Amino acid sequence: DAGVIQSPRHEVTEMGQEVTLRCKPISGHDYLFWYRQTMMRGLELLIYFNNNVPIDDSGMPEDRFSAKMPNASFSTLKIQPSEPRDSAVYFCASSYRGGAYEQYFGPGTRLTVT
Amino acid sequence: AQSVTQLDSQVPVFEEAPVELRCNYSSSVSVYLFWYVQYPNQGLQLLLKYLSGSTLVKGINGFEAEFNKSQTSFHLRKPSVHISDTAEYFCAVNTMDSNYQLIWGAGTKLIIKP
């Protein structure tokens, strides 16, 4: 398997624009997680899905953020409108099950909002 | 509520010297424990995990960790570090309930001095 795939790897956009980050989890994994990493706040869980259903979105910072998982092999994280404080590295991770099973991380998308 | 504390934000150590990265957790129920490593500009990957059984767990790249239930600790050790171990190390906890989120520590940057 190719591992968790994220695109784009880098995104530079202007404040107010819509940004869409994409993730393809490892085939057969039931859980998908979206994280954000910044120097100030470290690693934060934004939302996670089980079998394509959002389970906990309490980490989503505000209504400008939304995430979808239309099928088992694809998820998106959308920011609309984007703001400079959204600049961060966004990671997608997947796991076979929860609990004892490890999470496999993608390489991340580095987002810069100017 | 569960929490994870990594006591050192940075640990400088000379090459070929031993190192210990400290992790303490707080939980009222049994836990699964993990150490992840993040090399520069990459996603996180699993180093090792404790689920049950022997309290000494061996992982990749010569790392090991010891689970101490009475002290609620899960410290990571390596007897001799190499320059390639330069990375950030994250401790994480998952409790044995229906919540499949990992609770993450803030990370410890391991700095190898030549």
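The values are calculated or read from the model by the stated rules, or taken from the named source; none is laboratory data. Keep in mind it's a predicted model, so treat the numbers as computed, not measured. When we count neighbours, we look across all protein chains shown, and the Cβ atoms used for this are built from the backbone with ideal geometry, even at glycine.
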### Query
What number goes with the only condition from (1) charged (D, E, K, R); (2) without any contact (Cβ under 8 Å) to a residue 12 or more places away in the chain; (3) away from every other protein chain (no Cβ under 11 Å) that A:Arg36 does not pass?
(2)
### Query
Can we say A:Arg36 is in contact with a Leu (Cβ under 6 Å, 6 or more places away or on another chain) and of a type outside the set (Val, Ile, Thr)?
yes
### Query
Tally time: how many residues in region A:61-114 are within 14 Å of another protein chain (Cβ to nearest Cβ), assigned to a loop (DSSP other than H, G, I, E, B) and not polar (S, T, N, Q)?
10
### Task
Just give me the residues in region B:105-114 being part of a strand (DSSP E or B) and either within 14 Å of chain A (Cβ to nearest Cβ) or aliphatic (A, V, I, L, M) (or both), in sequence order.
B:Thr108, B:Lys109, B:Leu110, B:Ile111, B:Ile112
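So which of B:Tyr36, B:Tyr32 ends up being modelled with pLDDT under 95 and under 20 Å from A:Glu102 (Cα atoms)? I'd like the intermediate steps shown before the answer.
Numbers: B:Tyr36 fails: modelled with pLDDT under 95.
Of the residues listed, the single one that is modelled with pLDDT under 95 and under 20 Å from A:Glu102 (Cα atoms) is B:Tyr32.
Mind checking whether some residue in region A:59-82 is β-branched (Val, Ile, Thr), surrounded by 17 or more Cβ atoms within 10 Å (Cβ to Cβ) and touching a helix residue (DSSP H, G or I) at 6+ places or on another chain (Cβ under 9 Å)?
Yes.
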### Query
Failed condition for B:Cys91, given (1) under 28 Å from A:His10 (Cα atoms); (2) touching a Cys at 6+ places or on another chain (Cβ under 6 Å); (3) without any contact (Cβ under 8 Å) to a residue 60 or more places away in the chain; (4) not acidic (Asp, Glu), with all others met?
(3)
